[in-house]
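Sharing a structure with you now.
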């Protein structure tokens, strides 16, 4: 990615003149609120899924008409993949701001009172993210792949009760993912049939299995072929509720959060957020 100075010059050449830098984690939401109060109609987020989610949280909470644009600069950049901008230069992304066909409104998820753009995961997913935060010798997708491999042999399944998805029974599960976008952890096609335009979330339930079974799931999730495996159940839903033995740790757009109670409600909010995307990329 270009340096911040180069990014400023790129966008300044296209009449974008207000720039704000974060100093600590979480500043994105506060800076976005400030920009929205000043009348911003487009906010360009430079960062990964967590940065995008915090900016989106501010936009959605404000109720104001403001577009979200992304310069991908994170580890997995899963949300940016949904927008089709991961292969575009900052200049090409800046050029999209003036194209009417590049703006559309997408669904967002709501879980435990917080919005998410790409995914919300429980169990193995959250454990992998926690492990990845300790990895310092790798970059990009390799961080999540390495962390997932190390967790395959040690993670213990948790009991999950599912309400709102017919046919899915209470049982020990390796992982539950509830997705708006198709990708997770950069390299995994966790919800290959998901759409950010269909008014639904794609839930995937992974029953626990032995190490050999976990390895098959790992390979299948990278390829997007895990759907249909005997230990995997999937459903497209507008709303569901998950109940755990204790308040679960959950992954939301690449960040960890502890749920407020044992039961987590998840809902799709249709076409709630305006975004700038590569024309034809959003499905």
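Tell me the residue from 88, 152 that is more than 23 Å from residue 195 (Cα to Cα) and surrounded by 15 or more Cβ atoms within 10 Å (Cβ to Cβ), please.
On the way: 88 fails: more than 23 Å from residue 195 (Cα to Cα).
Matching residue, one of 88, 152: 152.
Quick one: in segment 73-92, which of the residues that are free of Cβ contacts under 8 Å to residues at least 40 places away in the same chain and not in a loop (DSSP other than H, G, I, E, B) is farthest from residue 251 (Cα to Cα)?
92
For segment 207-244, give me the residue count where each residue is surrounded by 14 or more Cβ atoms within 10 Å (Cβ to Cβ) and not in a loop (DSSP other than H, G, I, E, B).
Residues meeting the conditions: 21.
Considering each of 46, 33, 24 in turn, give the residue that is at negative phi and in contact with a strand residue (DSSP E or B) (Cβ under 9 Å, 6 or more places away or on another chain). Working first, answer last.
Details: 33 fails: in contact with a strand residue (DSSP E or B) (Cβ under 9 Å, 6 or more places away or on another chain); 24 fails: in contact with a strand residue (DSSP E or B) (Cβ under 9 Å, 6 or more places away or on another chain).
Only one candidate qualifies: 46.
Also, I was wondering about something else. Mind checking which residues of segment 60-70 are part of a helix (DSSP H, G or I) and either under 24 Å from residue 3 (Cβ atoms) or in contact with a strand residue (DSSP E or B) (Cβ under 6 Å, 6 or more places away or on another chain) (or both)? Break it down into steps so the answer makes sense when it comes.
Kept after step one, since they are part of a helix (DSSP H, G or I), are these residues of segment 60-70: 60-62.
The one that is part of a helix (DSSP H, G or I) and either under 24 Å from residue 3 (Cβ atoms) or in contact with a strand residue (DSSP E or B) (Cβ under 6 Å, 6 or more places away or on another chain) (or both): 60.
Only one residue in 211, 215 is in contact (Cβ under 8 Å) with a residue 60 or more places away in the chain and more than 20 Å from residue 49 (Cβ to Cβ). Which one? Let's see the steps before the verdict.
On the way: 211 fails: in contact (Cβ under 8 Å) with a residue 60 or more places away in the chain.
Only one candidate passes the filter, namely 215.
Keeping to segment 64-85, report how many residues are more than 26 Å from residue 128 (Cα to Cα) and crowded, with 17+ Cβ neighbours inside 10 Å.
Of the residues in segment 64-85, the ones more than 26 Å from residue 128 (Cα to Cα) are 64-69.
Checking which are crowded, with 17+ Cβ neighbours inside 10 Å leaves us with 66-69.
Residues in segment 64-85 being more than 26 Å from residue 128 (Cα to Cα) and crowded, with 17+ Cβ neighbours inside 10 Å: 4 in total.
Still on this structure: Which numbered condition in (1) modelled with pLDDT of 95 or more; (2) assigned to a loop (DSSP other than H, G, I, E, B); (3) under 21 Å from residue 57 (Cβ atoms) is the only one that residue 270 fails?
Every condition holds for residue 270 apart from (2).
Among the residues of segment 271-281, which ones are surrounded by 15 or more Cβ atoms within 10 Å (Cβ to Cβ) and more than 15 Å from the chain's Cα centre (by Cα)?
In the first step, residues of segment 271-281 are kept if they are surrounded by 15 or more Cβ atoms within 10 Å (Cβ to Cβ); the result is 272-278, 281.
Once the filter is applied, which keeps residues that are surrounded by 15 or more Cβ atoms within 10 Å (Cβ to Cβ) and more than 15 Å from the chain's Cα centre (by Cα), segment 271-281 yields 272, 274, 276, 277, 278, 281.
Restricting to segment 245-260, count the residues that are loosely packed, with under 15 Cβ neighbours inside 10 Å and in contact (Cβ under 8 Å) with a residue 24 or more places away in the chain.
From segment 245-260, those loosely packed, with under 15 Cβ neighbours inside 10 Å are 245-247, 256, 258, 260; that's our starting set.
With in contact (Cβ under 8 Å) with a residue 24 or more places away in the chain added as a condition, the list becomes 245, 256, 260.
Going through segment 245-260 one residue at a time, the tally reaches 3.
Same structure again: Please determine whether any residue of segment 134-153 is assigned by TED's automatic domain parsing to the domain that holds residue 206 and in contact with a strand residue (DSSP E or B) (Cβ under 6 Å, 6 or more places away or on another chain). Write out each step before concluding.
Just the residues of segment 134-153 that are assigned by TED's automatic domain parsing to the domain that holds residue 206, to begin with: 134-153.
Filter once more, keeping what is in contact with a strand residue (DSSP E or B) (Cβ under 6 Å, 6 or more places away or on another chain): none.
Checked against the condition, which is being assigned by TED's automatic domain parsing to the domain that holds residue 206 and in contact with a strand residue (DSSP E or B) (Cβ under 6 Å, 6 or more places away or on another chain), segment 134-153 yields no hits at all.
The values are calculated or read from the model by the stated rules, or taken from the named source; none is laboratory data. Just so it is clear, the structure is predicted and the values come from calculations on it, not from any experiment. Neighbour counts are summed over all protein chains in view; Cβ atoms, including those assigned to glycine, are modelled from backbone coordinates with ideal geometry.
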